[in-house]
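Notes follow the structure.
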Amino acid sequence: MFDRDPAGVRIELRALTKHYPGQAAPAVDNVTLDIPAGELVVFVGPSGCGKTTTMKMINRLVEPTSGEIHIGGQDVLSLHPDELRRHIGYVIQQVGLFPHLTIGENVALVPKLLGWPAARRTERVEELLALVNLDVATFRDRYPRQLSGGQQQRVGVARALAADPPVMLMDEPFGATDPITREHLQTEFAKLQKQLRKTIIFVTHDFEEAIKLGDRIAVLREHSHIAQYDTPANILANPADDYVAGFIGQDATLKRLALLRVEDMPADSPVHDPALPQVTGDASLREALDVMVAHGTDRCSGPQGVLTYAGLCAAVGSAPPGSGTDAAPREGVAAGDR
C-alpha cells in the first residue's frame, strides 16, 4: 500500500486540523510535521492538549476537519479507512485483546483479514511471540484473562506487528502497568525498535518515557501547537522556552545521562576491574551512576574498563561537585537529583 525505501516510510502532516462541532476552538490546530522514515517520534504534552487526537487522525479513527496526511507518499484521506488500518499497527493503553480469542488467534487476526494462508499465520504467530519474549508453547493457546498486564501488553505489541506494517501508532501503551513492569516493557521495546526500525508515533505524558524511547520528541501545547520538535539530546540541552523547560524539570543532567550507553563511552581506565561494581555495556550512564551510589563508590567497571563519577560528569558537560576531581558523589546531591 505504501511506497517503502530501505529506511521505511515517511509520515507527513500538513496543516492538520480537527474542529469538533459546538467547540469554540479546534482540538488540533494547523499541525505541520514530518516524521522521518524508520524513526520513533514521541508526542508529549499535558492531558487534553490534542496529542491523541492528532495521532488518531493518522489512521482515521478521527476524521480530520482539514489538512493533509501522507504516508510513504500515499494520500491517506484517499484510502478506505478499513484498508488503511490493516496496514498500520495500533497499540493502546487498554491493550484491546479480544477475550474470546486465544493469544495466537488475537495475534493472527489482521493477517487472517488480509487473507494469509493458515500455515503462514501460524509461522508468524510463533515468530512474534518469540520476538516479544513469550514462550509459544506456554502462551499461544491461552486466553487474555490468563495473562498478567505486562504479558497482555506484549501480546498487544505482537498483534500490531503481525502484518509487518511499516507504521505503528502507540497511545500510552505502557501507562496501565506498574512502574517495574513499565520500565521492563520500555527497555524491551527500545531493543525491538532498534531491530525493526518501524516508523512509530508514540503518545505519552511522561517526559522520562519520551527521552528513553524517542528518536525525536514533539512537545505539544494546547491544540497540538508544537512548542519544540527535536532530538531528546537537543531538547535537554536547549529547551525552546519555559514551557518546554517545565517538562524537563530540574534534573536535566540525569536525563542526559540516560541517553548515553556505557558501551559508547571511553573508559577512564581500559582495564576491566572485577573487584568493582559491574555494569553491562548496554546500560545507560544513569544506571552506571545508580550503581556507584548504591555501592558508595565513585567508580564501576564495564566491558570496556573502569568508569568514574568524574567521567560521567564530563560526558554530559557537567563538573563534579566540590573540587572538580573524581570524588564520590555526595549522597544528598544524588538523592535530591533522583
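Worth pointing out:
- In the context of the full set of protein chains, residues of the range 37-196 present 44 Å² of accessible surface per residue (probe radius 1.4 Å, heavy atoms only).
- Reach of K51 by Cα under 16 Å, taken over aspartates and glutamates that are not fewer than 8 positions away in the same chain: E12, D29, D34, E63, D171, E172, D206, E209, E222
- Over 32 Å apart at the Cα level, from the set K18/K212; K112/K255; K18/K255; K112/K212, are K112/K255; K18/K255; K112/K212.
- Comparing mean-square fluctuations of G214, G22, G104 from a GNM of the chain with C-alpha springs under 10 Å, the top value falls on G22.
- Evaluating kT/(6 pi eta Rh) at 10 °C and 1.306 mPa s, with the Kirkwood radius of the range 65-115 over Cα pairs in the Stokes-Einstein relation, gives 121 µm² s⁻¹.
- Between D282 and S269, the modelled labels are 2.8 nm apart [label points 7 Å from Cα along Cα→Cβ].
- Cα-only Debye scattering, the range 1-150: base-10 log of I(q)/I(0) at q = 0.08, 0.09, 0.16, 0.21 Å⁻¹: -0.30, -0.38, -1.04, -1.31
- Principal axes of the range 151-245: Cα extent on each, largest first, Å: 40, 29, 25
- Volume of the Cα convex hull of the range 152-196, divided per residue and given in Å³: 66
- FRET efficiency estimate (nearest 0.05) - Cβ-Cβ, A190 to Q74, R0 35 angstrom: 0.80
- Full-stretch length increase - Y20, L61 - with 0.36 nm per residue and alpha-carbon distance subtracted: 13.4 nm
- Cα-projected label distance for R86 with E126, points at 7 Å along beta-carbon direction, nm: 2.6
- Packing order of peptides 216-222, 47-53, highest average first: 216-222, 47-53 (average count of other Cβ atoms within 10 Å over each peptide's residues).
- From the coordinates shown, P(r) over Cα pairs in 10 Å bins from 0, in percent corresponds to which of (i) 5, 23, 29, 24, 14, 5, 0; (ii) 6, 28, 38, 23, 5, 0; (iii) 6, 24, 31, 21, 12, 5, 2, 1, 0: (i)
- Student exercise, the chain dipole from Lys, Arg, Asp, Glu Cβ charges, in Debye to nearest 20: 900
The values are calculated or read from the model by the stated rules, or taken from the named source; none is laboratory data. Being a predicted model, the structure only gives us computed values, none of them experimental. All Cβ positions, even for glycine, are placed from backbone atoms using ideal geometry, and neighbour counts span all protein chains on display. In case anyone asks, the SASA skips ligands and DNA or RNA and just uses the protein heavy atoms, side chains included. Shrake-Rupley method; radii C 1.70, N 1.55, O 1.52, S 1.80 Å.
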